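K.L.:
Below is one structure. I have some questions about it.
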Amino acid sequence: MIILSGGTGTPKLLNGLRTLIPPKDLTIVVNTAEDVWVSGNLITPDIDTILYLLSGRLDTEKWWGVAGDTFRTHETMKSSGFDEGMMLGDLDRATHIMRSDILRNGGTLTSAIRKLCGAFGIKTDILPMSDDPVSTIITTPQGKMHYQDFWVKNHGEPDVADVSVDGISDAAIAPAVLEALETDGEVLIGPSNPITSIGPILELPGMREILKHKKVVAVSPIIGKKPVSGPAGKLMDARGLEVSSVGVAMCYQDIVDVFVIDERDTADISDFDDIGCEVVRADTLMKSVDVSVELSKQILDIFEEM
């Protein structure tokens, strides 16, 4: 199974899936449009969350960073007048240094992540969506800013007029991702932000056309009219999409076969008629590992029946 992932909702689902599927039978294709260079090193937030989850090091209270990490380097720099703009832990920073050293020595992002997987004892293939640099840019009344400046530095507070992905038209699907797609017919779109987490993966030239020929199941990250977490609502509104599970389904309407919405969602099944996909209800809130496992079982049953 191939899973398209961002950095929060989908890792919670992976926490359940990994108890049911052998590590080598999972391929996780991760958004890289939120990557950014900080203090000389490349930060790949969505990939790092997956790395830490599957290596047992993730801080599952925050769902980012390394559990028990310290921030002495960051605090020392900040007290000296050097504000990085992102709060990087010391153990987390070691990951960034190792990855960036591989890149500076001519490696691709794919090779860097695979080496980190080996170092961390991870047997699942975690793949960046592309080896080419792309950046999600948010247009606000204060001007254009990188997604990390919008979400981390400005706490997602600015109004959003537009969302774009710089470099996406010239970026290529990573060769390892293409290889996985050639041999695996099942694709799960996780409950991540449809605009800035899943959106850039689907915007890669040729990706949607490939997925049209796959069995695709998607899980909504929105219940009712609100995202479970993050700025998805504000970003969907900027794209002219209804902030609802129906709006999310519209993002995937040309590729999705089965769309999973929360059992508490106020949408009616008939609301999805124009999208042309089957709709299934489940508990998608995933407040515990048990809920994640149960949702994972339902998703596996869906694929089995397709």
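K.L.:
Which FRET efficiency, nearest 0.05, do LYS214 and THR70 yield, Cβ-Cβ r, R0 45 Å?
P.N.:
0.55
K.L.:
Run the count for the stretch 1-141, please: Lys pairs, Cα-Cα under 21 angstrom, 8 or more apart or on different chains.
P.N.:
Close lysine pairs found across the stretch 1-141: 6.
K.L.:
Take the alpha-carbon positions of the chain, form their convex hull, and give its projected area averaged over all directions (one quarter of the hull surface) in nm². Walk me through the numbers before you get to the answer.
P.N.:
Working: hull surface 60.9 nm².
Approximately 15.2 nm², given one-decimal rounding.
K.L.:
Could you tell me which chymotrypsin sites (Phe, Trp or Tyr not before Pro) in the stretch 2-107 are loop residues by DSSP with no more than 13 other beta carbons within 10 angstrom of their beta carbon?
P.N.:
Counting only loop positions with at most 13 other Cβ atoms within 10 Å, the chymotrypsin sites (Phe, Trp or Tyr not before Pro) in the stretch 2-107 are PHE82.
K.L.:
Quick check: net charge around ASP254, other residues with Cβ under 14 Å of its Cβ, Lys/Arg +1 and Asp/Glu -1? Walk me through the numbers on the way to the answer.
P.N.:
Working: positive: ARG208, LYS212, LYS214; negative: GLU203, GLU209, ASP257, ASP274.
With Lys, Arg at +1 and Asp, Glu at -1, the net is -1.
K.L.:
Something else: According to the Kirkwood expression over distinct Cα-Cα pairs, how big is the hydrodynamic radius of the stretch 65-124, in Å?
P.N.:
About 12.9 Å for the stretch 65-124.
K.L.:
Continuing with the same structure: Please give me the summed charge of the neighbours of ILE21: other residues whose Cβ is under 14 Å from its Cβ, Lys and Arg +1, Asp and Glu -1.
P.N.:
Numbers: positive: ARG18, LYS24, LYS123, LYS297; negative: ASP25, ASP125, ASP184, GLU186, ASP301, GLU304.
Taking every other residue near ILE21 into account, the sum is -2.
K.L.:
Between the DSSP loop rule and a limit of at most 12 other Cβ atoms within 10 Å, which GluC sites (Glu not before Pro) in the stretch 56-165 are left?
P.N.:
GLU61
K.L.:
Positive end of the charge dipole of the chain (Lys, Arg +1 and Asp, Glu -1 on Cβ, about the Cα centre): tell me which of PRO175, VAL216, SER111 has its Cα farthest that way.
P.N.:
Comparing the listed Cα positions along the dipole, SER111 ranks first.
K.L.:
If you take the Cα Rg of the stretch 198-306 and divide it by 2.2 N^0.38 Å, with N the number of residues, what do you get?
P.N.:
1.05
K.L.:
Okay, next question. List the trypsin sites (Lys or Arg not before Pro) within the stretch 48-112 that fall in a DSSP loop (any state other than H, G, I, E or B) and whose Cβ has at most 12 other Cβ atoms within 10 Å.
P.N.:
Filter output for the stretch 48-112: LYS62.
K.L.:
Follow-up. Please give the helix 90-104 orientation as an angle from the longest Cα principal axis of the chain, in degrees from 0 to 90, rounded to the nearest 10.
P.N.:
In the chain, helix 90-104 runs at an angle near 90 degrees to the longest axis.
K.L.:
What lysines does LYS144 reach when the alpha-carbon gap must be under 18 Å and sequence neighbours fewer than 8 apart in one chain are set aside?
P.N.:
Reachable lysines: LYS153, LYS234.
K.L.:
Evaluate 2.2 N^0.38 Å with N set to the residue count of the stretch 23-68, then give the Cα radius of gyration divided by it.
P.N.:
Relative to the 2.2 N^0.38 Å estimate, the stretch 23-68 comes out at 1.24.
K.L.:
With charges set only on the Cβ (+1 for Lys and Arg, -1 for Asp and Glu), what does the dipole of the chain come to about its Cα centre, in debye to the nearest 20? Write out the running numbers ahead of the final one.
P.N.:
Numbers: 27 positive and 47 negative charges, 185 e Å.
Rounded to the nearest 20 debye, it is 880 debye.
K.L.:
With Cβ to Cβ distances under 10 Å as the rule, what net charge do the other residues near TYR147 carry (K, R +1; D, E -1)?
P.N.:
Once all neighbours under 10 Å are counted, the net charge is -3.
Since every read-out is calculated from the coordinates, none of them should be taken as a lab result. The structure displayed is predicted, hence computed values, not measured ones. Every residue, glycine among them, receives a Cβ derived from its backbone with ideal geometry; neighbour counts consider all protein chains shown.
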